[in-house]
Amino acid sequence: MKITYSIIAPIYNEIQTIPELYRRVKEVMDASGEPWELILVDDGSSDGSTEKIRELARQDKTVRPVIFARNFGHQVAITAGWDYARGDAVIIIDADLQDPPEVILDLASKWKEGYEVVYAVRGEREGESWFKLWTASLFYRLIYRITDVKIPVDTGDFRLMDRKVVDVLKKMKERHRFPRGMSAWVGFKQIGVTYKRAARHAGVTKYPFKKMFRLAVNAITGFSYFPLQVATFFGFVSAGIAILAIPVVIYMRMTGSGAFFGQATTLIAVLFLGGVQLISLGILGEYIGRLYDEAKGRPLYIVREAPED
Ligand code: UDP
Ligand code: MG
């Protein structure tokens, strides 16, 4: 059967939200009157979500389970969804119902107008801590400024993409992924639809600060050389200071001034330079580590159970 809509929901320990997610997606998608499938990607859950997904798939053939061998991360789970999706339009949605399934119909209507990427822009956000709101806002704006692709601000992974776009994305095999950046990078006709991001249906966020930070680093290194340029910039700044300081110090010594004598001055200069060098080395390391990961060419994810059909 030809499928129009593939809805992808990555799931990591969301046992409490799965039944409600299924119910609401079904209600909305049945109302669309077109054939659809719900791809539930289990990203190595350990709370019984896996069994819940299997159970749903047994009851309803529109649910297609992709079960990972371990936790590979949200971005990789989305990628697996792209690989298994058969629809003409592919929608990525969070499993915790922060992205209301009802909005899918708004995205779909823009798609029908001829847009190939319809991304959902977070207008209001309910039930988030000020820390999350602040860091998220800073993150979107920083990424917008320093990366080479114009990734729309206040936009998460919730979006609809045409088959053409997904086929291009499937060829992009990079390991450290940032799907929303990738989908901006490919071009095509894109448009945003504003929606109100709800509070989590149940459970807690699966994005502790560490994961958010990794995501930000992936976004920046994946789409720009900005950190390397910063390292070069500081190299020039410290070299510049040295060049200016040398004649000043010589002059002061010759005129008998006591300034710049002593260990403290030397220590500060050495620490400053050492710091700049180590940070630059670390930045370089981030890129080299990524090169190494790419060179190994391991599979992006390992599937324990794939959908039957
Ligand atoms: N998620 C995942 N793997 C992970 C972390 C999260 O598949 O390693 C899923 C999670 O189950 C949810 C979505 O990614 O469906 C977004 O995660 P979450 O709601 O915790 O992030 P937040 O909305 O707090 O940024
Ligand atoms: Mg969430």
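In region 11-95, inverting the average of 1/r over every pair of distinct C-alpha atoms gives 13.0 Å as the Kirkwood radius. Once the convex hull of all Cα atoms in the chain is built, its volume per residue stands at 162 Å³.
Label point of Thr205 set 7 angstrom out along Cα-Cβ; within region 98-136, amide nitrogens under 19 Å from it belong to 98-100, 121-136. Taking amide H as placed 1.01 Å from N in the peptide plane, the amide H of Val193 sits under 5 Å from that of Tyr119, Ala120, Val121, each at least 5 places away or on another chain.
For region 239-247, the Karplus equation 6.51 cos²θ - 1.76 cosθ + 1.60, evaluated at θ = phi - 60°, returns couplings of 5, x, 4, 4, 4, 5, 6, 4, x Hz by residue, with Gly and Pro reported as x.
Solvent-accessible area assigned to carbon and sulfur over region 68-165 amounts to 55 percent, based on a 1.4 Å probe. When all alpha carbon pairs of region 175-243 are counted in 10 Å bins from zero, the resulting P(r) reads 14, 26, 32, 17, 8, 2 %.
Shown for region 267-309: the carbon plus sulfur share of the solvent-accessible area, taken with all protein chains present and a 1.4 angstrom probe, equals 71%.
Couplings for region 66-71, taken from phi via the Karplus curve 6.51 cos²θ - 1.76 cosθ + 1.60 with θ = phi - 60°, read 10, 10, 7, 6, 6, 7 Hz in order; Gly and Pro are left as x. Taking amide H as placed 1.01 Å from N in the peptide plane, Ile39 has its amide H under 5 Å from the amide H of Ile7, Ile8, Ala9, Arg64, each at least 5 places away in sequence or on another chain.
What does the accessible area per residue of region 88-243 come to in Å², with a 1.4 Å probe and no ligands, DNA or RNA counted?
Numbers: 7560 Å² over 156 residues.
Averaged over the residues of region 88-243, the accessible area is 48 Å².
Largest first, the three principal axis extents of the alpha carbons in region 57-216 are 40, 36, 32 Å in whole numbers.
Measure up Lys52/Lys210; Lys132/Lys211; Lys206/Lys296; Lys132/Lys206 against 22 Å on the Cα-Cα distance and list the ones that go over.
Correct reply: Lys52/Lys210; Lys206/Lys296.
Across region 167-174, computed HN-Hα scalar couplings (Karplus, 6.51 cos²θ - 1.76 cosθ + 1.60, θ = phi - 60°) run 4, 5, 4, 5, 7, 8, 9, 4 Hz from first to last residue, x flagging Gly and Pro.
Overall dimensions of region 120-165, expressed as equivalent-ellipsoid semi-axes from the Cα gyration tensor (√(5λ), whole Å, largest first), are 22, 16, 6. Inter-part distance, region 208-233 to region 39-64, computed on C-alpha centroids, equals 34 Å. Its DSSP H runs of at least 4 residues, each contributing -39,500 (n - 2.57), put the calculated 222 nm mean residue ellipticity of the chain at -16500 deg cm²/dmol, to the nearest 500.
What do you get when you divide the Cα radius of gyration of region 132-269 by 2.2 N^0.38 Å, with N the number of residues?
The reported ratio for this selection is 1.66.
What residue among Leu273, Leu215, Leu142 shows peak mean-square fluctuation when the chain is described by a Gaussian network model with Cα springs under 10 Å? Looking only at Leu273, Leu215, Leu142, the largest GNM fluctuation is found for Leu273. Summing +1 for each Lys or Arg and -1 for each Asp or Glu among the other residues whose beta-carbon sits under 13 angstrom from that of Val166 gives +1.
Packing, as the average of other Cβ atoms within 10 Å across residues, places the peptides 64-73, 277-286, 90-99 in the order 90-99, 64-73, 277-286, highest first.
The values are calculated or read from the model by the stated rules, or taken from the named source; none is laboratory data. Since we're looking at a predicted model, the values are computed, not measured. We place every Cβ from the backbone using ideal geometry, glycine too, and count neighbours over all the protein chains shown. To get the accessible areas, we keep the full protein, side chains included, count just its heavy atoms, and leave off ligands, DNA and RNA. Shrake-Rupley method; radii C 1.70, N 1.55, O 1.52, S 1.80 Å.
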